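Trainee: The following block contains the structure, expressed as structure tokens.
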Amino acid sequence: MFKHNRIRFEEGLSLFDKDLFFLGKMAKQLMKSKHTDNIVSYIVDRNINYTNICSSGCKFCAFYCEPSSDDGYVLDFDVLYNKIEELLSQGGTQILMQGGLHPNLKLEFYQELLKKIKNRFEIHIHGFSPPEIVHMSKLSGKSIDYVIESLKDNGLNTIPGGGAEILCDDIRRKISPNKCTSDQWLDVMRIAHKLGMRSTATMMFGHIENFNHRIEHMEKIRRLQDETGGFTAFIPWTFQPCNTSIDIKPTGSIDYIKTLAISRIYLDNIENIQASWVTQGDKIGQIALYFGANDMGSTMLEENVVKAAGVSFSMTEMKIRNIIEDAGFIPKKRDTFYNILEN
């Protein structure tokens, strides 16, 4: 229908009306055209939430604590070091470090945090989503360019795609009114890419958005990738409503698989599409490999945000490898840049 030409917005929107298996066939063909070696990759890493204190008050979040809450924390350095040491002992190569919009942590805190980690460990730091960086900029009175350069100089390697949710401000005003705008999110990534840093892109769907919003989100990601080429991967995942302020039934696996397949078809300039077994479980994560995904993401030694919303799946490295093999692919451990780390 679309051959190999780039599809337009309206064509992308029409894909939601197509048969699931039609989409799967198309998405798998496109995946195999980019990844001809039959390899499905994964990474050994750990999510570290350095604080849960956040002034954003996003309606979709079950993890954050108000600044005045007795349950709020900022990790001690010794606790952080222990977490990293445990990861390294299991062959980990990366920490994904994210927190809330803490009202009192200045830029100097993040500089010291990065410097102390790098002075002690050889570890890749994939950290601080665009909302956090915009927040640092506001608190410090410094430009976003200055903040990103400073973080990079002190040891930040790459930036995760968190905080994107849906990159449409009519949605963001309703679910995360105190968080950065869609343009600010994109600007952070644009600046980081132009400074030579890479990042991922995400999309959280299945809440109050519609299909039009999903394609608009993908279109903005695709345009920026055309401009900078800085995104290593796209990670679509589903909103988990338990313990949040959004009263809605969780979207099903069919919607997830269809949206993932469409992301492979629409985002023709992004090499890697990651399966979200953390929200969907191992079996749906495995099925995603037939619908355009070529990466199983992380072994996730630690995960707190999705767990706070009542969803808790876990997999060992061996289980991830077995799932990939059972699906007919070759499992390979990778680094943050999707370089394969084993023969």
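Trainee: So for the stretch 52-73 (the condition being under 19 Å from the mean Cα position of the chain (by Cα), at pLDDT 80 or above and crowded, with 16+ Cβ neighbours inside 10 Å), does at least one residue qualify?
Mentor: So far as the stretch 52-73 goes, yes, one or more of its residues are under 19 Å from the mean Cα position of the chain (by Cα), at pLDDT 80 or above and crowded, with 16+ Cβ neighbours inside 10 Å.
Trainee: Shifting gears a bit: Mind checking which helices (runs of 4 or more DSSP H) fall wholly inside the stretch 183-280 and carry at least 2 residues that are free of Cβ contacts under 8 Å to residues at least 40 places away in the same chain?
Mentor: Counting at least 2 such residues, we get 211-228.
Trainee: Which ones in the stretch 187-212 are at pLDDT 95 or above, surrounded by fewer than 19 Cβ atoms within 10 Å (Cβ to Cβ) and not polar (S, T, N, Q)?
Mentor: Within the stretch 187-212, 187, 190, 194, 195, 196, 197, 211 meet the criteria.
Trainee: Within the stretch 99-142, which residues are in contact (Cβ under 8 Å) with a residue 40 or more places away in the chain and aliphatic (A, V, I, L, M)?
Mentor: 101, 105, 107, 113, 114, 133, 134
Trainee: Give the residue that is surrounded by the most Cβ atoms within 10 Å (Cβ to Cβ), with candidates limited to residues of the stretch 213-257 that are among the polar types (S, T, N, Q) and modelled with pLDDT under 85.
Mentor: For the stretch 213-257, the residue satisfying everything is 240.
Trainee: When the residues of the stretch 100-144 are filtered to those that are outside any helix (DSSP H, G or I) and hydrophobic (A, V, I, L, M, F, W, C), which remaining residue is modelled with the lowest pLDDT? Step through it out loud before you land on a result.
Mentor: Initially, the stretch 100-144 is screened for residues outside any helix (DSSP H, G or I), giving 100-106, 121-129, 141-143.
Checking which are hydrophobic (A, V, I, L, M, F, W, C) leaves us with 101, 105, 121, 123, 125, 128.
Numbers: 101: 83, 105: 89, 121: 97, 123: 97, 125: 97, 128: 95.
Step by step, filter the stretch 100-144, then rank; the result is 101.
The values are calculated or read from the model by the stated rules, or taken from the named source; none is laboratory data. If you're wondering where the values come from, they're calculated on a predicted model, not measured in any experiment. As a convention, Cβ positions derive from the backbone with ideal geometry for all residues, glycine included, and neighbour counts pool all protein chains shown.
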